[in-house]
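Computed from the coordinates by the stated procedures, all read-outs in this text should not be read as laboratory data. Just so it is clear, the model here is predicted, and its values are computed rather than measured. Virtual Cβ from ideal backbone geometry, glycine too; neighbours counted across all protein chains shown.
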Amino acid sequence: VQLQASGGGLVQAGGSLRLSCAASGSIFGIHHMTWYRQAPGKERELVATITSGRNTNYADSVKGRFTISRDNAKNTVYLRMNNLKPEDTAVYYCNAYLITSRGLQEYWGQGTKVTVSS
């Protein structure tokens, strides 16, 4: 079982990116997933969460700019990031509670780097 994060890159301020986090292996699905980010020299912070019922929660700093969504058929969660700012530069990590034969199991993706130039 693993989480694979992708979609990071270099973008100019005002641009957009879409991050993906795909779960694979012997799972029944994703219960809920959270995107975190960690900027250089700073602590990891929560960016957005989506629950099994598709309820969402966002950090104040990204509200109105970022959208988290999920495709249950693909066991994938997305983070659409619009109007990116230099302060969004960070490594983004996905964290998920996956539904497995052993119940809910927590996994972390490997991180994908987002760099926003001014």
Net length gained if the chain between Lys113 and Leu46 were fully extended (0.36 nm per residue, minus Cα distance): 22.6 nm
Set of aspartates and glutamates with alpha-carbon distance to Lys42 below 19 Å, sequence-local pairs under 8 removed: Asp60, Glu87, Asp88
Model label zone, Glu106; criterion: amide N under 18 Å from point 7 Å along Cα-to-beta-carbon; scope segment 14-38: 30-38
Separation between Cα centres of segment 68-93 and segment 18-50, rounded to whole Å: 8 Å
Amide H contacts under 5 Å for Val62, placed H, 5+ residues apart: none
Local electrostatic count, Leu46, Cβ distance below 11 Å [Lys/Arg +1, Asp/Glu -1]: -1
